[in-house]
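Before any comments, here is the structure.
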Amino acid sequence: MSRLNLDIGECIYCGSVEPPLTREHVLPRGLGGVWTPEEHGVALVLQKATCEPCRQITQKIEEVCLRPMMDAGRARLDLKRKDRNKGKMVALIDRPDGSSERLEVNSNEMLGAIVLPSYYEAGALMNRPRTDTAPCDYRFIVVAPASQRLLQQSRRVGVSFTANSKTFAQMLAKIALGVAVSKFGVSGFEPLVRNFILKNPNEGGHWVGGFAGTQWKEPPSQALHRIHLQTVNANAGVFIIVEIRLFAEFGGPTNYVVVGRPIER
């Protein structure tokens, strides 16, 4: 497994050069950040790229997304870190007699379900005023069925979710910023999402978008995740866009982040 180990030398989120600066997995480790996403030859790991205050903020963002929204699916795909992987999880069981219960089961028996937001068009591309909402639909994905043991004794097996579309949009922006830095360097483009990631989750509808409500058909993918950077000429100007399709192999939605503007040379 190869990695892109760029030595950045400053925090990609706030620009601080004060030590200690720690490494940044562009794709969170809890999503397989040491693996190589589609369209990338190596895993994206930035060295000396995050100051401690920003690390704490982005770590919290990841925790709010990874655990409540996709814990069961990550457990079935073996994406959970071994030192944090609980051997037991709670399944919602509907019995054949009509009764229901919350049953503690082994994590490898859980229904591997995930919930992911699918956003509408980002306001920045159309130069719309910034709003406090990031409109989205939700897509429920099953990456692995419940165990035969559970299915044989149940009428239905379920998973409890808590979804936070604002924080999920911040996590996508965090990934996109790291991708742009790995491509252009910290001074090779004008970043637009730093404030959104660190301070203002209410800007999600401006910087993060997707294809919900359109007829666009997502192509099949054999990769777990797909990340694609491009420069686009939109109504509001030229932007660097990073498309992020988490769990693409299982039909995850494509969202994108308006991460920055190119710098004219």
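The values are calculated or read from the model by the stated rules, or taken from the named source; none is laboratory data. Here the structure is a predicted model, which means the values were calculated and not measured. A quick note on method: Cβ atoms are made from the backbone with ideal geometry, for glycine too, and the neighbour counts reach across all protein chains shown.
Per-residue answers, yes or no, for (1) more than 18 Å from the chain's Cα centre (by Cα); (2) among the acidic types (Asp, Glu):
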residue: Gly158; (1), (2): yes, no
residue: Ser165; (1), (2): no, no
residue: Ala173; (1), (2): no, no
residue: Glu190; (1), (2): yes, yes
residue: Gly204; (1), (2): no, no
residue: Trp207; (1), (2): no, no
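Elements of the type helices (runs of 4 or more DSSP H) sitting completely within segment 156-265 and holding at least 2 residues that are in contact with a Pro (Cβ under 8 Å, 6 or more places away or on another chain): these cover 165-184. In the set Gly123, Gly112, Gly158, only one residue is over 24 Å from Asn255 (Cβ atoms) and in contact (Cβ under 8 Å) with a residue 40 or more places away in the chain; that residue is Gly158.
Conditions tested, residue by residue: (1) part of a helix (DSSP H, G or I); (2) surrounded by 14 or more Cβ atoms within 10 Å (Cβ to Cβ); (3) of a type in the set (S, T, N, Q); (4) at pLDDT 90 or above.
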residue	(1), (2), (3), (4)
Asp71	yes, yes, no, yes
Ala75	yes, yes, no, yes
Lys82	no, no, no, no
Lys86	no, no, no, no
Ala91	no, yes, no, no
Gly98	no, no, no, no
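Is it true that some residue in segment 222-233 is at pLDDT 95 or above, β-branched (Val, Ile, Thr) and buried (at least 19 other Cβ atoms within 10 Å of the Cβ)? No, that holds for no residue.
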